[in-house]
Structures are given as structure tokens and as C-alpha cells.
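**Student:** Submitted below is the structure of interest, expressed as C-alpha cells.
The values are calculated or read from the model by the stated rules, or taken from the named source; none is laboratory data. Please read all numbers here as calculations on a predicted model, not as lab measurements. Virtual Cβ from ideal backbone geometry, glycine too; neighbours counted across all protein chains shown. Quick note on the areas: whole protein, heavy atoms, side chains included, nothing else; ligands and nucleic acids left out. Shrake-Rupley method; radii C 1.70, N 1.55, O 1.52, S 1.80 Å.
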Amino acid sequence: MSPSWNNVRADFPILHQQVNGHPLVYLDNGATSQKPRSVIDALVRYYERDNSNVHRGLHALSTRATDAYEGARARIAKFINAADPAEVLFTRGTTESINIVARSWGHAHLKPGDVVLTTEFEHHSNLVPWQQAAKAAGATLKYVPLLGADGEGGPDLAALDQLLTPQVKLFAFTHISNTLGTINPVAEFCRRARAVGAVTVIDAAQSVGHRPLDVQQIGCDFLAFSGHKMCGPTGIGVLYGRRALLDQLAPDETGGGMVVQVTYEGATWKPAPERFEAGTPNVAGAIALGTACDYLDNLGRDKIAAHDTALVTIAMEKLSALPGIRIIGPKKGAERSGMVSFAFEGVHAHDVVTFADEDGIALRGGHHCNQPLMRKLGLTSTTRASFYLYNTPEEIDRLVKSLQRIQKFFAG
Ligand code: PLP
């Protein structure tokens, strides 16, 4: 049975407020999601009862904090179906996770003449680290083209086959585009990459909290995501890495907590995950991220995905009817994730966002950390409405009304 989505709203205290005299409509979930009461309570409970450093103390609070921290790791491993909790590394978020792979793996494995492959529609966090890694190694960065004048055709799969030569050592790609809403066939990408011996890195920032995700079924080597986009806190994220690869990888950061023995001459490393978690981690964040996993799985990520699809289908239909609108990404709601990016002829995205804010609606306007993609599509910016489990069809009606008001203002 599907959850009652209106009851779900009661779980999110922040939604029950007025903004500029209107009930808040929060449609900026691609940037960050709101937090249910259970996640907020997990943070408060930790600081009120259990706050202590992990892995270092023998007293009761430290034991409790360590158990809860490692319990969260096991919970998150289950959330993505990792074979072993040691494959889950806590980081600050997607950006840090990808940088760890780019620096550690890139430094160890990339050499002149190698190719790193990515796509033309990556978030800067899954693009700039590869530019840096390729530059440092004398390797070349290549891009799988995006098809269609509005990016509606998705990745060019024929070009992918041409590009996937044995020179490709790593293929990094997003699961869901944060601007287009495109859903990449990630298991297929991994299968093709494996055939040429390339390591795969998936940016799952926009997907893991919105649909079921199974790293073993996908067959990826690394996968990165952020807690704050999936009902968890900011400042916590995950790098999943296949155990065999993590065991060979040198740490990116060194310090306390990740060493076995230190002498004046050198040091030896613990195995994963500790090897990659130097210093005091974000204990409260990790625990609350585990709670967010419980929250999402209790609702059912398949049901959340269906809810996203229902909302985006309504939004596509209603927004397409507005004059002078250009929607980028897949044309059909069923083929995209729960977000719509669009440009209005003659109205800058920042004006759209400012006007919508007057109506109590939170949108995002700008390049969405996709500057090369914007340039490719001949745009400087778009407005993005991104949905999540607490959004409703009535909120889309409010959005449409607001956009009509904006168009009327700028037409006059
Ligand atoms: N990748 C994608 C697809 C994103 O949408 C984002 C954030 O918007 C990121 C990476 C970066 O995430 P974070 O800022 O949490 O590190």
C-alpha cells in the first residue's frame, strides 16, 4: 500500500510555516531535502545522551557512541546492499567522496596516455576532480556526448561504445542528472566499462534517496552520495568502494584513528573503513543518516520513486502549456526523475526564483553547478523545481499560478 503522502508532511516540522505570507512550498529538494522529526530527534538524542569520541574510549558513553556509529555504517551498507559494512566510508558528502577517489585512486593508477571518461552532463563535483586528476597524471579526460538540442536524448550510447577503449582506466558518471533529470542506465554503463577493464564511479547524489539502489546489482566499483539530499543531516556522506579496491588504496588523508603503528620514521594503516576516516568523524551525522535510511525504507523507496514520477508527470504537463517555456531534459515524465528545469523567454532565472519566493515557493535558479552543460545547451541559467516525498499536486498548481503571474509581469 502506498503511504499517505499528506500524512508524511506531518513528519517534517519545517514545512509548516508561512513564507512571505503564504504556506511554504519547498521545491528545492535537488539542492537539499528537508529533515523528518526522527532525524532531528536522532541528532538531539545523540548530543543529549551519548556524545563522546568513537573508537578511542573505554567508558560507557564512548562505547555507546561507537556502537551507534558502527551501527549506522551497517545500516547504510544495507541501504545500498553493500556486501560488507567496511565498504561504506563516511565522508562530508558526494564532493569529498569523489575527490577521495580522484586523488587516491587517480594518483596510484593514472599515467600519461590513459583516458578518464565522464559525460557532458556532470555536476562540477563529478567533473572538476577528474580534470585535476587527469592533469596531474598527464592523462586525457573525454566526455560521452549528450543528445538533443534540449538534452532530451540522454547519453549517446553508440558514442560510449566508441569511447570505451582499453585506454580508459576510469569511467565516472552520474546516476541522475541534477539539472536534466536524466536517469542513466548505470548497470549497463558498468557492464560496458568492465568489458574494457575500466573502474566505475557513480555520483548517486540525486538518486539514492529517491529510488531503490543496489550496488551489487549495479556492479559499480565506487559510488558517492550526500546525506542532506536524502532526509539526513548536512556534513555527512558516503563513499562506497568495493572491498578489493579499497584494500589496495592508499589513504588520502592521514592522522589519528587510521593508523596501526606510528614510529618517528613512518606509519602503517588500518584496513578500510578506518584507513579512510582520519580524525574525529561526524558521529552525530552518521547516526542520523542511519535514521534517515530507516525513514526512507519504512516508506519504501520504490513508492517514493513512483510519487516523484507522478508529480513530475503532472508538472511536465502543466508547465509545457505555459507560453515561451523551454524545458530541458527528457520529454516524458516517466523517463525522468522528480525535477523540471526550464528557461522562460525574456525572463532571467533569478527573477523567476525571486518572484516565486514572494509567493512562498522555494525554487533554484542558476547554472546548477553544470556550467559546461548550460553552455552546450546555449543557456546561462535555468529555473529548477525539484520534488520529494512531501510535495503534492496542489503545490504544483501553486507553482504554475506563480509562473503565470511572473510571465504576466514581464510581458506587461
Ligand atoms: N552531484 C550531484 C548530481 C549533485 O546534485 C550534487 C549537489 O547538488 C553534488 C554532486 C554535490 O553534492 P554535495 O554538495 O552534497 O557534496
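**Student:** Run P212 past the list (1) open to solvent by 40 Å² or more (accessible area, probe 1.4 Å); (2) part of a helix (DSSP H, G or I) and report the number of the one that doesn't hold.
**Tutor:** The number of the failed condition is (2).
**Student:** Tally the residues that are among the β-branched types (V, I, T) and part of a strand (DSSP E or B), restricting the search to the stretch 143-196.
**Tutor:** Looking only at that region, the number is 6.
**Student:** Right, another one. Would you mind finding the one in R398, R336, R405 that is basic (K, R) and under 18 Å from A149 (Cα atoms)?
**Tutor:** None of the others qualify; the one that does is R336.
**Student:** When you check A334 against the structure, is it of a type in the set (A, V, I, L, M) and surrounded by fewer than 23 Cβ atoms within 10 Å (Cβ to Cβ), yes or no?
**Tutor:** For A334, the condition - of a type in the set (A, V, I, L, M) and surrounded by fewer than 23 Cβ atoms within 10 Å (Cβ to Cβ) - is met.
**Student:** Looking for something away from the ligand (no atom under 16 Å from the Cβ), at pLDDT 95 or above and within 21 Å of L389 (Cα to Cα) - is there at least one such residue anywhere in the stretch 52-74?
**Tutor:** no
**Student:** Select from the stretch 104-138 the residues that are more than 15 Å from the ligand (Cβ to nearest atom) and among the aliphatic types (A, V, I, L, M) and list them in ascending order.
**Tutor:** Hits for the stretch 104-138 are A108, L110, V115, V116, L117, A133, A134, A136, A137.
**Student:** Could you check the stretch 332-347 and list, in sequence order, the residues that are modelled with pLDDT under 95 and part of a loop (DSSP other than H, G, I, E, B)?
**Tutor:** K332, E345, G346, listed by residue number.
**Student:** Being more than 16 Å from the ligand (Cβ to nearest atom) and either farther than 20 Å from G71 by Cβ or assigned by TED's automatic domain parsing to the domain that holds G338 (or both) narrows it down to one residue among R211, R192; which is it?
**Tutor:** Of R211, R192, the one residue that is more than 16 Å from the ligand (Cβ to nearest atom) and either farther than 20 Å from G71 by Cβ or assigned by TED's automatic domain parsing to the domain that holds G338 (or both) is R192.
**Student:** Conditions: (1) on the phi > 0 side of the Ramachandran plot; (2) surrounded by 22 or more Cβ atoms within 10 Å (Cβ to Cβ). T383 meets all but one. Number of the miss?
**Tutor:** (1)
**Student:** Within the stretch 302-322, work out how many residues are open to solvent by 20 Å² or more (accessible area, probe 1.4 Å) and either at pLDDT below 95 or of a type in the set (D, E, K, R) (or both).
**Tutor:** Residues in the stretch 302-322 being open to solvent by 20 Å² or more (accessible area, probe 1.4 Å) and either at pLDDT below 95 or of a type in the set (D, E, K, R) (or both): 4 in total.
**Student:** Determine if the stretch 360-372 includes at least one residue that is away from the ligand (no atom under 16 Å from the Cβ), open to solvent by 20 Å² or more (accessible area, probe 1.4 Å) and either among the charged types (D, E, K, R) or outside any loop (DSSP other than H, G, I, E, B) (or both).
**Tutor:** No, because not a single residue in the stretch 360-372 is away from the ligand (no atom under 16 Å from the Cβ), open to solvent by 20 Å² or more (accessible area, probe 1.4 Å) and either among the charged types (D, E, K, R) or outside any loop (DSSP other than H, G, I, E, B) (or both).
**Student:** Evaluate the stretch 245-266: report whether one residue or more is in contact (Cβ under 8 Å) with a residue 24 or more places away in the chain, open to solvent by 10 Å² or more (accessible area, probe 1.4 Å) and either basic (K, R) or within 14 Å of the ligand (Cβ to nearest atom) (or both).
**Tutor:** no
**Student:** Yes or no: the stretch 85-102 includes at least one residue that is more than 16 Å from the ligand (Cβ to nearest atom), open to solvent by 40 Å² or more (accessible area, probe 1.4 Å) and on the phi < 0 side of the Ramachandran plot.
**Tutor:** So far as the stretch 85-102 goes, yes, one or more of its residues are more than 16 Å from the ligand (Cβ to nearest atom), open to solvent by 40 Å² or more (accessible area, probe 1.4 Å) and on the phi < 0 side of the Ramachandran plot.
**Student:** Here is a further query. For the list (1) more than 18 Å from G279 (Cβ to Cβ); (2) open to solvent by less than 60 Å² (accessible area, probe 1.4 Å), I need the number of the one condition that N53 fails.
**Tutor:** Against the list (1) more than 18 Å from G279 (Cβ to Cβ); (2) open to solvent by less than 60 Å² (accessible area, probe 1.4 Å), N53 comes up short only on (1).
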